[in-house]
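Notes for the one structure printed next.
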C-alpha cells in the first residue's frame with residue numbers, strides 16, 4: 001500500500017469514527033494522555049514546556065496539567081506565562097491561558113494585562129476571561145479591558161472583555 005493510499009484510508013476511518021459516534025475513542029485517548037501528564041511532577045512539566053525540542057503534542061497536555069498544580073502555583077504561573085510569550089503554537093498558548101484560568105491567581109495579573117495586547121485574538125480573549133475569573137484583585141486591568149471592550153477588532157475579544165469588567169469592578 002502506498003503512503004497516499006494509507007493517508008486516504010486513515011482519513012476514511014477517521015470520518016467513519018466521527019460520524020458513527022465513535023469519536024468518544026478520540027476523546028478517551030486525549031483524556032488518558034491528560035491523566036498521564038497530570039501524574040507528572042511540576043518540575044517535569046516545566047521541563048517539557050521549556051524544552052524547544054518538544055512538540056505541541058507534548059506541550060499542550062503539559063500546559064494543561066500544570067494548571068492542576070495548585071500547591072505549586074508559584075512555579076506554575078511564571079512557566080505558563082513564559083509559554084504564552086514564547087510558544088508559537090496557537091493550541092498550546094490557548095491551553096496555557098486555560099491553565100492560568102484554572103489557577104486564577106492574582107500573581108498572574110501583570111502578565112495577563114500584558115497579554116491583552118497580544119497579536120493572537122484567542123490569547124487576548126483568554127487573558128480577559130482569566131482576569132474576570134480573578135475578579136476584583138485584577139483592578140489594574142480595567143482601563144485596558146475597557147479599551148478592548150470598545151475598540152478591539154475581534155468580536156470575541158470585545159465580548160470577553162465586556163463580560164470580565166463587571167466581575168472585576170462590579171457597579172454598586
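Every number in this text was worked out from the coordinates using simple rules, so none of it is lab data. This one's a predicted model, so the numbers in the text were calculated from it and none came from an experiment. Every residue, glycine as well, gets a Cβ built from its backbone with ideal geometry; the counts of neighbours run over all protein chains shown.
Across the stretch 41-168, C-alpha contacts under 8 Å between residues 6 or more apart give a mean separation that, scaled by the residue count, equals a relative contact order of 19 percent. Each principal axis of the Cα cloud of the stretch 41-168 was evaluated for its coordinate range; sorted largest first, these ranges are 40, 28, 16 Å.
Identify the residues of the stretch 101-133 with backbone N under 17 Å of a label point that sits 7 angstrom from the Cα of residue 68 along the Cα-to-Cβ direction, or state none. Residues 101-104 qualify, since their backbone N sits under 17 Å from the label point.
A straight chain from residue 51 to residue 107 at 0.36 nm per residue would run longer than the Cα-Cα distance by 17.7 nm.
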